[in-house]
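Participant: Mind having a look at this structure? Questions to follow.
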Amino acid sequence: MRKKLNMVLVPLVLLLLVISCAKKGSINGGPKDETPPVFIKATPPDFSTNFNSDEIRIYFDEYITLKDPQKQIIISPPMDPKPTISPLGGANKFIKIKFLDTLLENTTYSINFGESVVDNNEGNPNPFFRYVFSTGDYLDSLSIKGNVTDALQKKTDPNITVALYEINKEYSDSLIYTTVPRYVTNTLDSTSFSFYNLKAGKFKLVALQDASNNYTYEPKLDKIGFYQEIVNLPEDTAKVFNITLFKETLDFKPKKPKQVSKNEFIFPYEGNADSMKIKLLSQVPENFETRTIPDKEKDTLHYWFRPFFEADSLLFEVTNTKKYQDTLIARFKDQYKDSLQLSSVYGSALPLHKNVTVLANTPLDSINEKQITLTDKDTVAVPFSITVDQIRNEAQVIFEKTEQNVYSLTFLPKAIKDFVGNVNDTISFNFRTKKLADYGTIFLTLQNVESYPVLVQVTNEKEEVILEKVSTKQETLTFDYLDPAKYLIRVISDTNNNGKWDAGNFLQGIQPEVVRYFPETIDVRANWEIKQTFILE
């Protein structure tokens with residue numbers, strides 16, 4: 001019996017010893033590697049002069065990869081075609097740069113890798129590694145720095161290209177559309193920029209939100225900003241250059257019109273419509289009438305006409321207040337007629353301070369108030385009046401609203417007739433109002449206003465305008481009926497007194513109108529009144 005027991009115990013003890021030893025000698029991987037790759041050498045060496053090689057190799061102490069090289073790696077002056085850079089997708093202990101074109105003579109080149117060089121295991125970046133060389137016998141050594149901010153947005157987008165155009169006998173402002181600049185850099189993930197290894201001279205400083213990543217300005221795609229004065233080097237090296245980025249308003253240009261229904265054409269356009277007018281030059285019936293309505297969301301004008309007539313094509317003349325004039329041809333044929341459809345702006349929740357606004361997909365022509373009823377939650381008739389805005393193509397139902405009430409607005413058949421003869425079927429809209437205590441209020445006082453008028457806007461966190469007031473004097477502005485939420489406040493210097501924010505224009509040397517944001521988000525709660533002073537700086 002004892003022998004059998006020993007035969008069982010001996011293997012069990014040995015097993016426990018093995019497990020114990022395994023625990024004592026287990027590997028936990030050690031601390032996480034947080035050391036970035038270390039630059040060892042380069043061939044040709046960094047900061048070389050009289051550079052004449054067609055290839056560069058940059059060596060590190062461990063295997064590296066290139067993270068987001070298309071955005072992070074900036075070569076200044078830019079090269080066309082761009083050199084090939086590896087590794088891409090794999091790992092290596094060196095970066096190879098192969099030039100595909102002849103380099104400029106007597107030029108200092110800077111290759112800024114941003115934070116693209118990362119170790120293969122943990123992705124630790126070697127921050128803002130640069131390789132510099134000169135095809136001449138010396139290295140340019142001047143530098144400047146600055147910041148880019150968005151003209152209208154509180155937060156500036158990252159990865160803004162900043163360029164220096166050399167002012168010489170070939171320079172003109174129009175070069176930004178066609179020519180790669182002398183020097184480029186990028187804000188990368190910040191809003192600041194720096195140029196290094198610049199030569200002495202005069203330069204135009206420009207910032208681009210370069211959508212195509214081609215170092216040229218495309219107004220349809222890009223935002224632009226520019227420093228107003230010429231940059232003189234070396235005199236201006238101690239300055240900090242601040243650039244404001246904006247989206248230019250395109251020059252007005254109508255696009256090809258298109259017939260979209262029996263009695264409607266649409267006229268898309270670029271730029272500012274500036275009271276765009278459309279005149280039909282083709283022969284029309286004696287009782288011919290038209291109505292034009294701007295689209296609420298798109299840069300498009302809706303052109304309606306009656307009665308329908310037959311023709312193969314129509315010739316239109318388009319003009320605006322900027323003395324623009326052009327003729328456009330559109331194909332014309334019989335199509336289905338649009339039916340009348342009505343909708344409400346506010347859905348089922350009606351703010352206490354707003355009127356019921358009814359929209360139509362076809363031009364409103366006449367309204368018969370006798371065919372409209374408005375009742376409250378007790379089905380008691382509520383007195384109302386109704387107005388029609390033919391330019392905005394909407395009707396407002398005006399009545400005295402009370403808190404926590406429910407209203408039913410009914411359009412009986414033929415209450416509304418549109419421009420092309422349609423009438424409505426019975427349609428009802430139901431609305432609910434909240435308690436006055438469900439809203440919050442901001443009392444805002446401005447200080448240090450340099451000049452009036454200013455536009456004061458309350459926006460949501462997406463910077464969409466919720467309320468706007470025009471201030472022409474020192475006063476306290478009241479923004480009431482605000483739903484509980486977080487809001488931003490911005491103040492626009494309306495320099496030309498046209499009631500809106502105006503962007504700048506590079507070729508005309510015009511900067512955008514100044515916008516200042518209150519530095520903090522304002523948290524509005526129900527039944528709260530917030531008194532806030534905004535000191536403009």
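The values are calculated or read from the model by the stated rules, or taken from the named source; none is laboratory data. The structure presented is a predicted model; accordingly, all values stated were derived computationally and were not measured. Because the Cβ atoms are built from the backbone with ideal geometry, glycine has one as well, and the counts that use them run over all protein chains shown. Quick note on the areas: whole protein, heavy atoms, side chains included, nothing else; ligands and nucleic acids left out. Shrake-Rupley method; radii C 1.70, N 1.55, O 1.52, S 1.80 Å.
Participant: With a 1.4 Å probe and all protein chains in place, put Thr402, Thr459, Thr65, Thr102 in order of accessible area, largest first.
Facilitator: Thr102, Thr402, Thr65, Thr459
Participant: Shifting gears a bit: Can you list the aspartates and glutamates whose alpha carbon sits under 16 Å from that of Lys202, skipping same-chain ones fewer than 8 residues off?
Facilitator: Of all the aspartates and glutamates, those that pass the test against Lys202 - Cα under 16 Å, at least 8 places apart if same chain - are Asp140, Glu166, Glu170, Asp173, Glu229, Glu235, Asp236.
Participant: If packing is taken as the average count of other Cβ atoms within 10 Å, what order do 45-56, 150-161 fall into, highest mean first?
Facilitator: Listed from highest to lowest mean packing, they are 150-161, 45-56.
Participant: List, largest first, the extents of the alpha carbons of the chain along their principal axes, each in whole Å.
Facilitator: 100, 100, 58
Participant: Tell me the net charge near Thr191. Cut-off is 10 Å between Cβ atoms, Thr191 excluded, with +1 for each Lys or Arg and -1 for each Asp or Glu.
Facilitator: Values: positive: Lys155; negative: Asp150, Asp157, Asp189.
Net local charge, Thr191 excluded: -2.
Participant: Rounded if a/c is under 1.5, else prolate if a/b beats b/c, else oblate: with a ≥ b ≥ c from the C-alpha gyration tensor eigenvalues square-rooted, which is region 411-533?
Facilitator: Judged from the Cα gyration tensor, region 411-533 comes out oblate (a/c at least 1.5, b/c at or above a/b).
Participant: Tilt of helix 2-24 relative to the longest C-alpha principal axis of the chain, in degrees (0 to 90, nearest 10)?
Facilitator: Helix 2-24 sits roughly 70 degrees off the main axis of the chain.
Participant: Tell me, what ³J(HN,Hα) does each residue in region 454-463 have, in order and in whole Hz, if you take phi through Karplus 6.51 cos²θ - 1.76 cosθ + 1.60 with θ = phi - 60° and put x for Gly and Pro?
Facilitator: The phi angles translate into 10, 9, 10, 10, 9, 10, 7, 6, 8, 6 Hz.
Participant: Residue separation times 0.36 nm, minus the C-alpha to C-alpha distance between Thr472 and Thr495: what's the value?
Facilitator: Between Thr472 and Thr495, full extension yields 7.1 nm more.
Participant: Note down the Stokes-Einstein diffusion coefficient of region 30-93 in µm²/s, whole number, using a Kirkwood radius over alpha carbon pairs, 4 °C, and 1.567 mPa s. Don't jump to the answer; show the numbers that get you there.
Facilitator: On the way: Rh = 14.0 Å.
This corresponds to a translational diffusion coefficient of 93 µm²/s.
Participant: Divide by every residue of the chain the summed helix terms, -39500 (n - 2.57) for each DSSP H run of at least 4, and state the resulting mean residue ellipticity at 222 nm, rounded to the nearest 500 deg cm²/dmol.
Facilitator: My calculation for the chain gives -1500 deg cm²/dmol from helical runs alone.
Participant: Separate question: To check my understanding: the extent here is largest minus smallest coordinate of the Cα atoms along each principal axis. What are those three numbers for region 155-200, in Å, largest first?
Facilitator: Cα extents, longest axis first: 37, 24, 13 Å.
Participant: Hey, can you find the accessible area per residue of the chain for me, probe 1.4 Å, expressed in square angstrom? Working shown, then result.
Facilitator: On the way: 30040 Å² over 537 residues.
Normalised by residue count, the accessible surface of the chain is 56 Å².
Participant: Could I ask something else about it? Per residue of region 292-298, in order, report the coupling 6.51 cos²θ - 1.76 cosθ + 1.60 (Karplus, θ = phi - 60°) as ³J(HN,Hα) in whole Hz, putting x for Gly and Pro.
Facilitator: Here the 3J(HN,Hα) series is 10, 9, x, 5, 6, 10, 10 Hz.
Participant: Which percent of Cα-Cα pairs in region 329-451 sits in each 10 Å bin, short to long?
Facilitator: For region 329-451, the pair-distance distribution reads 11, 37, 25, 15, 9, 4, 0.
Participant: Rg and Dmax of region 253-336, Cα atoms, in Å?
Facilitator: Final numbers for Rg and Dmax: 12.4, 36 Å.
Participant: Okay, next question. Local charge sum around Ile510 (other residues, Cβ-Cβ under 13 Å, Lys/Arg +1, Asp/Glu -1)?
Facilitator: Details: positive: none; negative: Asp173, Glu248, Asp502, Glu513.
That sum, taken over residues with Cβ under 13 Å, equals -4.
Participant: Given a 1.4 Å probe and every protein chain left where it sits, what share in percent of the accessible area of region 197-274 is carbon and sulfur? Spell out each step's value before the answer.
Facilitator: Values: 1630 of 3390 Å².
Of all accessible area on region 197-274, carbon and sulfur atoms account for 48 percent.
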